[in-house]
Amino acid sequence: MPSPRSRTVVAILLLVIPLSQLPIDIYTPAIPRMITELGASSTLVQNSVSAYVLGMALGLVPVGVLADALGRRPVLLSCLGLLCASSVAIAFCGDAWLLLGLRFVQGLGGCACMVVVYAIAADVARGRELTSLSGWLGAAWGLAPVIAPAVGGIIVQFVSWRVLFAVIAVLAAGVAVLVWRLLPETLPASSRVPIEPRSLARALGGALRRPLFLGLTLVFALFASAQLLFGVVAPLLYEERLGIPAGVYGLLALAIGAVNLAGELATGALAKRVRPAALGFGAFAFFAAGTVVLLVTGLTAGADAVWLTIGGMLVMLGCGALCPFAYGQALGLFDRNLGLIGGLTSAVCYLVVSVTMAAASGLPDDTALPLAAVYVGCGALGAILLALCLRTVRAPAATPTASL
């Protein structure tokens, strides 16, 4: 049984990880309002999502390397400070181009809330325990798309989009206090890896030469892209095309996000009891069903709130289970340089996400068909990668949680 100290670590990780996703989801209902207030094009404001994701992608490996060399706590605290400061700056921002730059900086701060959290998880758990813990962390991460759009929609409708970024700053500061006071250092000095370019290059090269690691990382990237894409495209379809108020959209996003959360919880609950192939392909079946719904209704009805919601729920259920599943399997292949490996996995993911978001910002937003077409591509490539990876993966025996 995990020690009370281990349970404290896990509890804090569950509070930290949503802060990597919150800066995306809480403000997506505000995108139409921000376009008007900042006097900018829809493409430019939508690319503020890509700017945040790009900041995360480029920061993940360096932050992971620093966490391996300096310890988990100081790196996490520094990045939480950066997240808080950049959020305050965005709250007072009046220029769309400055917004893009600040969002990039915000992404640099937010990336630690993912890569350092998963490195700590790998410090304290291995094997099936790590896959299960990844599922619970994915569920906590998934609280952002569940709660944040609903909160964001209400705040935007009745107050201002600027308040959303003030909320992010306050939450980051509060979590930083908890980390400072309660989170122990999980990486002992004897296990730290000095920052030596040659050894880091060997570690990166070794990881990139492992086909299974690359395949699982790409699975994670594809379905994370699909997951985030819905949150960016959906507000324009619901609010602009269908005329649904921001507050009502927030409630719909709450329902869709709850299904996404259910998928992440399923991975956490089933990883110790279900074979990897059954869990992976079972989750993919839901994603495929949702893609078919969006594709058929996009071809026949254009944009329909009921079918858009049903298709989105099915897609999110599949993505919610697949993302933590693939991440946990990929990280579990290694027992050293976990910050670096976790950073590499997340960096590849968010680079793919940022490219997908940038490309999607130019797609027509008056029908669900472009969204469905992207999902068809993600699903086809994802199915091939899953087949190749899960043929190789074997369910590892459970290992005790490391004591702290």
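Can you find a residue that is of a type in the set (Ser, Thr, Tyr) and farther than 23 Å from SER20 by Cα anywhere in segment 227-244? Yes, segment 227-244 has at least one match.
Counting only residues that are more than 28 Å from THR356 (Cα to Cα), assigned to a helix (DSSP H, G or I) and either open to solvent by 50 Å² or more (accessible area, probe 1.4 Å) or among the β-branched types (Val, Ile, Thr) (or both), segment 67-96 holds 5 of them. Among the residues making up segment 192-207, those that are free of Cβ contacts under 8 Å to residues at least 40 places away in the same chain and part of a helix (DSSP H, G or I) are PRO197, ARG198, SER199, ALA201, ARG202, GLY205, GLY206. Pairs meeting the criteria (first residue in segment 163-174 and on the phi > 0 side of the Ramachandran plot, second residue crowded, with 16+ Cβ neighbours inside 10 Å and in a helix (DSSP H, G or I), beta carbons under 8 Å, at least 6 apart or on different chains) are lacking. For segment 231-261, residues that are within 15 Å of ARG33 (Cα to Cα) and either in contact with a strand residue (DSSP E or B) (Cβ under 7 Å, 6 or more places away or on another chain) or not in a helix (DSSP H, G or I) (or both) total 3. The numbered conditions (1) open to solvent by 70 Å² or more (accessible area, probe 1.4 Å); (2) in contact with a helix residue (DSSP H, G or I) (Cβ under 8 Å, 6 or more places away or on another chain) are all true for ALA139 except (1). Going by the conditions given, is ALA30 part of a helix (DSSP H, G or I), modelled with pLDDT under 80 and on the phi < 0 side of the Ramachandran plot? So ALA30 fits the description; yes. The one condition from (1) of a type outside the set (Val, Ile, Thr); (2) open to solvent by less than 50 Å² (accessible area, probe 1.4 Å); (3) under 30 Å from SER41 (Cβ atoms) that LEU254 does not meet is (2). For segment 48-77, filtered to residues that are of a type in the set (Val, Ile, Thr) and over 18 Å from the mean Cα position of the chain (by Cα), the residue that is modelled with the lowest pLDDT is VAL65. Residues in segment 6-45 that are without any contact (Cβ under 8 Å) to a residue 60 or more places away in the chain and of a type in the set (Lys, Arg): ARG7 only.
Can you name the residue in segment 152-178 that is at pLDDT below 80, in contact with a Pro (Cβ under 9 Å, 6 or more places away or on another chain) and open to solvent by 20 Å² or more (accessible area, probe 1.4 Å) and, of all such residues, is nearest to ALA266 (Cα to Cα)? So, considering only residues that are at pLDDT below 80, in contact with a Pro (Cβ under 9 Å, 6 or more places away or on another chain) and open to solvent by 20 Å² or more (accessible area, probe 1.4 Å), the one nearest to ALA266 (Cα to Cα) is ILE154.
Here LEU102 passes the criteria (1) over 30 Å from ASP123 (Cβ atoms); (2) open to solvent by 50 Å² or more (accessible area, probe 1.4 Å) except the one numbered (2). Just one of the listed residues (ALA269, ALA221, ALA262) is surrounded by fewer than 23 Cβ atoms within 10 Å (Cβ to Cβ), within 17 Å of the chain's Cα centre (by Cα) and small (Gly, Ala, Ser), namely ALA262.
The values are calculated or read from the model by the stated rules, or taken from the named source; none is laboratory data. The model shown is predicted, which means the values in this text are computed figures rather than measured ones. Neighbour counts are summed over all protein chains in view; Cβ atoms, including those assigned to glycine, are modelled from backbone coordinates with ideal geometry. Protein only, heavy atoms only, side chains kept; ligands, DNA and RNA dropped before computing areas. Shrake-Rupley method; radii C 1.70, N 1.55, O 1.52, S 1.80 Å.
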